[in-house]
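So the structure is just underneath, and the comments pick up after that.
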Amino acid sequence: MNMFRIFKHSPSEPIWLYNTLSRQKEEFVPLKKGSVTMYSCGPTVYDHIHIGNLRAYLLPDLLTRLFLYNGYTVNSTINFTDFGHLTDDADHGEDKMMKGMKREGYEITLDNMRRFALPYIESFKDDNLAMGNRPPTQYARASDYVTAQIKLIETLEQKGYAYRTSDGVYFDIAKFPKYGQLGNMDLDKLKAGARVEVNEEKHSPADFALWKLSDMGWDSRWGKGFPGWHIECTAMVFDTLGKQIDIHTGGEDLQYTHHNGEIAQAEALTQKQYVNYWLHNAFVTIDNNKIAKSLGNGLRLRHLIDRGFSPFDYRYWLLQSHYRTTANFTWEALEAARSALYRLRRLVYEELGDIRPGYIDSAYQERFVKALSDDLDTPKALAVLWELVKDKNVSAKDKLATIHSFDSLLSLDLSKDPRSGRAALGVIAEDDIPGEVKSLLEERESARQGKDFARADELRDRIEELGFEVKDTADGQRLKRSSV
Ligand code: AMP
Ligand code: ZN
């Protein structure tokens with residue numbers, strides 16, 4: 001049984017978030033009192049996601065937890081890009097989905113494209129859950145929203161924001177002078193620095209595709225083809241959350257083309273501010289390199305598990321750095337995260353395991369929530385947690401209650417019931433100790449009492465051979481399964 005519950009905090013601490021749009025921290029004020037709408041760009045489902053991608057979904061999870069803690073309701077969407085995502089930000093290059101289908105020997109049809117995507121969608125959901133992220137209110141598949149996307153493109157065309165070329169329909173950024181706010185894009189430089197434009201029919205290099213003609217795709221007034229990448233997210237935001245939302249998240253790479261594209265389309269359609277707070281996570285690198293399958297370092301959560309790590313070890317490692325700084329992954333760093341988390345778990349499930357939780361320590365709670373409310377300062381929040389753990393002036397009962405409450409924000413799996421927590425640590429309940437091991441333990445206890453340490457060591461080895469590890473503590477011998 002998971003004892004996870006959200007602890008509400010009162011009075012609420014103002015939440016400050018770094019808004020990429022204004023390039024500063026701003027106090028969060030929702031569009032509608034007491035509720036939050038949040039959209040996160042989901043993965044392109046042509047393969048399994050790597051550990052870097054997971055950082056992009058930890059961000060909305062931490063935000064959701066913080067908002068729930070403060071008594072807000074949260075309506076959130078993560079999408080799946082399951083068609084037509086080109087290999088680069090431009091409107092040319094090979095389509096990732098088609099490339100993936102060819103790799104797996106699929107005949108290229110729309111039905112097969114959905115079929116091909118499905119295992120990667122499921123794999124994403126599994127990884128997201130395994131890492132302790134709450135699922136969003138809804139997942140949305142881009143291919144389920146094509147009619148909505150076509151309607152938006154038609155309206156943009158009617159309003160004069162789009163033009164046709166021989167290969168599709170493009171958004172005319174000259175009609176949207178605010179274009180490029182995110183990442184402070186310099187359009188003049190962009191024009192001057194543009195390579196020989198592949199598509200000479202485009203009015204400006206920054207114009208982007210709303211519809212691409214293709215032999216395979218959906219029917220539309222412009223001909224058979226696919227909607228562009230940016231319009232897909234705008235349509236799913238409108239449909240699942242509304243025309244104006246509080247928060248939009250994504251990896252920092254998405255801000256320049258994808259998110260500026262989304263703003264242009266949405267605001268051209270509504271004449272209202274599309275998103276109030278844009279949040280972007282920095283990248284995870286591996287040995288200071290970009291993560292890419294082509295570089296042979298596309299580590300997945302599965303690969304960490306195969307090496308004996310838990311997804312929560314990875315989560316703990318991520319929480320040690322602020323989401324807006326690059327996090328460089330190494331196995332050594334992951335091992336350090338694992339042992340820190342292990343120490344926390346031992347405290348919660350062994351030392352404090354049988355204690356009934358008392359009261360939340362309000363001084364610690366205030367500092368902890370303040371750290372997270374300062375643009376999700378997770379390194380600081382972890383430091384407060386460790387300070388609490390070591391504080392001898394807080395009673396064991398209150399410590400436990402406070403750790404449980406912190407865990408509803410961090411999700412480090414510190415709130416299981418004590419029995420399953422101990423089982424996860426490999427600590428065994430009295431009833432589950434095999435008779436043979438029990439008598440060896442008894443014999444060893446008498447050897448220890450009689451100061452016959454050579455015999456005690458010998459018996460320890462015999463116990464180990466039976467798959468258990470014995471540790472001598474101030475309260476006597478402690479047993480756990482040696483596989484952990
Ligand atoms: P993609 O499937 O490439 O669209 O990526 C899904 C999400 O993961 C997007 O928000 C990306 O910005 C983000 N992302 C991709 N690579 C990394 C990385 N190495 N570290 C953190 N986020 C990433
Ligand atoms: Zn998106």
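The values are calculated or read from the model by the stated rules, or taken from the named source; none is laboratory data. All of these numbers come straight from a predicted model, not from anything done at the bench. For neighbour counting, all protein chains shown are included, and Cβ atoms are generated from backbone atoms with ideal geometry for every residue, glycine included.
Here is how the numbers come out for the structure above:
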{"quantity": "Helices (runs of 4 or more DSSP H) fully within the range 405-484 counting 2 or more residues that are more than 25 Å from G132 (Cα to Cα)", "calculated": "435-449, 453-465"}
{"quantity": "So W229, is it surrounded by 23 or more Cβ atoms within 10 Å (Cβ to Cβ), in contact with a Gly (Cβ under 9 Å, 6 or more places away or on another chain) and of a type outside the set (S, T, Y)", "calculated": "yes"}
{"quantity": "Test: T285 is away from ligand 2 (no atom under 16 Å from the Cβ), assigned to a strand (DSSP E or B) and modelled with pLDDT of 95 or more", "calculated": "yes"}
{"quantity": "Single unsatisfied condition, W278 versus (1) in a strand (DSSP E or B); (2) within 11 Å of ligand 1 (Cβ to nearest atom); (3) hydrophobic (A, V, I, L, M, F, W, C)", "calculated": "(2)"}
{"quantity": "Complete set of residues in the range 369-407 that are hydroxyl-bearing (S, T, Y) and more than 25 Å from N19 (Cα to Cα)", "calculated": "S395, T402, S405"}
{"quantity": "Output for the range 23-58, where each listed residue is aromatic (F, W, Y) and either loosely packed, with under 13 Cβ neighbours inside 10 Å or more than 30 Å from D95 (Cβ to Cβ) (or both)", "calculated": "F28"}
{"quantity": "Residue selected from the range 208-234 under the condition within 14 Å of N260 (Cα to Cα) and among the aromatic types (F, W, Y), by the criterion farthest from the chain's Cα centre (by Cα)", "calculated": "F208"}
{"quantity": "Considering residues of the range 294-332 that are assigned to a helix (DSSP H, G or I) and more than 19 Å from the chain's Cα centre (by Cα) only, the residue nearest to S123 (Cα to Cα)", "calculated": "D306"}
{"quantity": "Evaluation of E154 against (1) modelled with pLDDT of 90 or more; (2) under 31 Å from the mean Cα position of the chain (by Cα) (one fails), failing number", "calculated": "(2)"}
{"quantity": "Exclusive hit being more than 16 Å from L409 (Cβ to Cβ) and away from ligand 2 (no atom under 16 Å from the Cβ), set D82, D61, D47", "calculated": "D47"}
{"quantity": "Count - residues of the range 232-250 that are among the polar types (S, T, N, Q), more than 16 Å from ligand 1 (Cβ to nearest atom) and surrounded by 19 or more Cβ atoms within 10 Å (Cβ to Cβ)", "calculated": "1"}
{"quantity": "Qualifying residue in the range 292-311 (condition: small (G, A, S) and in contact with a Phe, Trp or Tyr (Cβ under 8 Å, 6 or more places away or on another chain))", "calculated": "no"}
{"quantity": "Any hit, the range 284-306, residues being within 26 Å of I247 (Cα to Cα) and buried (at least 19 other Cβ atoms within 10 Å of the Cβ)", "calculated": "yes"}
{"quantity": "Residue check, L269 free of Cβ contacts under 8 Å to residues at least 60 places away in the same chain and either buried (at least 24 other Cβ atoms within 10 Å of the Cβ) or away from ligand 2 (no atom under 14 Å from the Cβ) (or both)", "calculated": "no"}
{"quantity": "Enumeration of residues in the range 242-261 that are touching a Phe, Trp or Tyr at 6+ places or on another chain (Cβ under 7 Å) and closer than 12 Å to Y39 by Cα", "calculated": "Q244, I245, D246, I247, H248, H259"}
{"quantity": "Residue within the range 232-239 that is aliphatic (A, V, I, L, M) and over 29 Å from H322 (Cβ atoms) present", "calculated": "yes"}
{"quantity": "Lone qualifier among L182, L152, L118, L110 - being of a type in the set (A, V, I, L, M) and over 30 Å from L54 (Cβ atoms)", "calculated": "L152"}
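Condition check ((1) surrounded by 19 or more Cβ atoms within 10 Å (Cβ to Cβ); (2) closer than 14 Å to D354 by Cβ; (3) more than 23 Å from the chain's Cα centre (by Cα)) across all residues:
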| position | (1), (2), (3) |
| --- | --- |
| W386 | no, no, yes |
| D391 | no, no, yes |
| D407 | yes, no, no |
| S411 | yes, no, no |
| S415 | yes, no, no |
| V427 | yes, yes, yes |
